[in-house]
Every structure is written in C-alpha cells, then in structure tokens.
Amino acid sequence: VALNVDGSVVGEPMRAEFGGLCRDDAGSFLFGFMRRLRSLSRDGVAWVLHVEVLALLHKLRLCWEKGFRKICCCSDSLTLINILNQGHSITHCYTNELIEIQSSK
C-alpha cells in the first residue's frame, strides 16, 4: 500500500493537525484519517516536525493494525525524510517515535 501523510500548524491561536490517506497498489482509496492535536506547544507555538513525525507514526500504526506490511510512505517533510534516512542521535527529542517508525523497515 502507499500512504501519504501531512501535518500542519496553522491559525491564531496555533492549531496542529495531521492527516493522510492510504491506497492499494492499483491506486484505489482504502482509508484516510485526520487528527487534531493538543499539548504540542511550547509557549503557544506547536512544533511542525513533531506533527509530521506523529502523522507518519499514526498512519503506520493504522496500516500495521490492518495487516499491511509492504508500505510505501510519502511525506512532504524533507527534515523528517532526512532524519529517517541519515539517522538521528539517541538524544533526539523524538527518538522514541523515530525508532518505532524505523522498526517497520
């Protein structure tokens, strides 16, 4: 399956949301999701990378629960893609989430 995810931080006051969709190998829609996040802010500013990480992790969990094991992930966050491809420090603030995402490889 192919999954596309995206996260955003918008508005005043700031709101963090993410969503995505999953398609089969023929391109047919399987399922989608959207989630609004709370408690991701420091002094009122949500962290965009954290939203992107949570979007991918949430979507992967949904795919795993549905039994999908061959998953092609698409994200517009170059920072997230680089972290996953090039590795990260064990002290990275999102280490737990990144390790869970990478365990799906």
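The values are calculated or read from the model by the stated rules, or taken from the named source; none is laboratory data. Model, not experiment: these values are computed from the prediction. All Cβ positions, even for glycine, are placed from backbone atoms using ideal geometry, and neighbour counts span all protein chains on display. Accessible surface is based on the protein model in full, side chains and every heavy atom, while ligands, DNA and RNA are left aside. Shrake-Rupley method; radii C 1.70, N 1.55, O 1.52, S 1.80 Å.
Modelled this way, with points 7 Å down the Cα-to-C-beta line, the labels at Cys93 and Lys66 are 3.2 nm from one another. The Asn85 and Asp25 beta-carbon pair, evaluated with R₀ = 22 Å, returns a calculated FRET efficiency of approximately 0.40. Solvent exposure of the chain amounts to 63 Å² per residue of accessible area, where only protein heavy atoms count and the probe is 1.4 Å. For the chain, carbon and sulfur atoms together expose 52% of the accessible surface, with a 1.4 angstrom probe and every protein chain in place. Take the alpha carbon gyration tensor of the range 45-88, find the square roots of its eigenvalues, order them as a ≥ b ≥ c, and report rounded if a/c is under 1.5; if not, report prolate when a/b exceeds b/c, else oblate. Because a/c hits 1.5 or more and a/b fails to exceed b/c, the range 45-88 counts as oblate. Under the convention that each Lys and Arg Cβ holds +1 and each Asp and Glu Cβ holds -1, the size of the dipole of the chain around its Cα centre is about 280 debye.
Just so you know, the Rg over Rh for the range 2-104 is 0.97, from Cα atoms, with Rh as the Kirkwood radius. For the chain, hydrophobic long helices are taken as DSSP H runs at least 24 Å long by C-alpha position along their axis with mean Kyte-Doolittle hydropathy of 0.5 or more; these are 48-65. Projecting the Cα positions of Val1, Val51, Met14 onto the charge dipole of the chain (unit charges on Cβ atoms of Lys, Arg, Asp and Glu, taken about the Cα centre) puts Val1 furthest along the positive direction.
Normalising the average separation of contacting C-alpha pairs (under 8 angstrom, six or more residues apart) by the number of residues puts the relative contact order of the chain at 29 percent. From helices alone, the chain scores -10500 deg cm²/dmol at 222 nm; the rule is -39500 (n - 2.57) for each run of n ≥ 4 DSSP H residues, then divide by the residue total.
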